[in-house]
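Sending over a structure as structure tokens; questions will come in a sec.
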Amino acid sequence: QVQLVESGGGLVQPGGSLRLSCAASRNIFEFNSMGWYRQAPGKQRELVASINVGGSTNYADFVKGRFTISRDNADNTVALQMNTLKPEDTGIYYCNSRILRYAFWGQGTQVTVSS
């Protein structure tokens with residue numbers, strides 16, 4: 001079993017920054033990939049960014065140039081640095097990890113961008 005615990009969400013003004021962190025209960029190199037998804041009210045969950053075991057990253061077009069995904073191998077954590085936040089970035093952000101065909105999810109952390 002895999003446990004993922006997110007932290008770092010909160011309320012921020014437009015143009016501000018937040019850093020999300022996801023702590024995994026296993027060595028992150030056991031995962032084929034890890035990533036962040038988000039779900040806004042009334043919308044489907046969507047991919048924000050991911051990083052694979054080789055270190056390659058992938059970003060949704062709507063966050064390119066603003067968000068950065070990274071990992072800390074020593075702490076088994078994956079972080080999402082979010083800059084220049086917009087109101088449309090509001091939602092619950094979920095950490096995700098994948099091993100072969102299995103997917104694991106954290107409980108989510110709320111991000112609210114509002115003045």
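The values are calculated or read from the model by the stated rules, or taken from the named source; none is laboratory data. None of these values were measured; they are calculated from a predicted model. Backbone-built Cβ (ideal geometry, glycine too); neighbour counts: all protein chains shown. For accessibility, only protein heavy atoms count, side chains too; no ligands or nucleic acids. Shrake-Rupley method; radii C 1.70, N 1.55, O 1.52, S 1.80 Å.
Between Val2 and Lys86, what FRET efficiency follows from the Cβ-Cβ distance if R0 is 35 Å, with the result rounded to 0.05?
0.65
Hey, can you find the accessible area per residue of the chain for me, probe 1.4 Å, expressed in square angstrom?
Numbers: 6100 Å² over 115 residues.
Per residue, the chain has 53 Å² of solvent-accessible surface.
Next up: With a point put 7 Å past each Cα toward its Cβ, work out how far Asp61 is from Gln39 in nm, to one decimal.
Each label point lies 7 Å from its Cα, and together they span 2.5 nm.
Follow-up question, since we're still on this one. What distance in nm lies between label points placed 7 Å from Cα along the C-beta direction at Leu11 and Leu47?
According to this spin-label approximation, the distance is 3.4 nm.
Next up: With every protein chain in place, what's the accessible area of Ile28 (1.4 Å probe, Å², nearest 10)?
Roughly 10 Å² of Ile28 is accessible to a 1.4 Å probe.
Can I ask one more? In whole percent, how big is the carbon plus sulfur part of the accessible area of the chain, probe 1.4 Å, protein atoms only? If you can, show how the numbers build up before the last one.
Values: 2860 of 6100 Å².
Looking at the chain in its full context, I get 47 percent from C and S.
With a 1.4 Å probe and all protein chains kept in place, how do Lys43, Lys86 rank by accessible area, largest first?
Ranking Lys43, Lys86 by accessible area, largest first, yields Lys43, Lys86.
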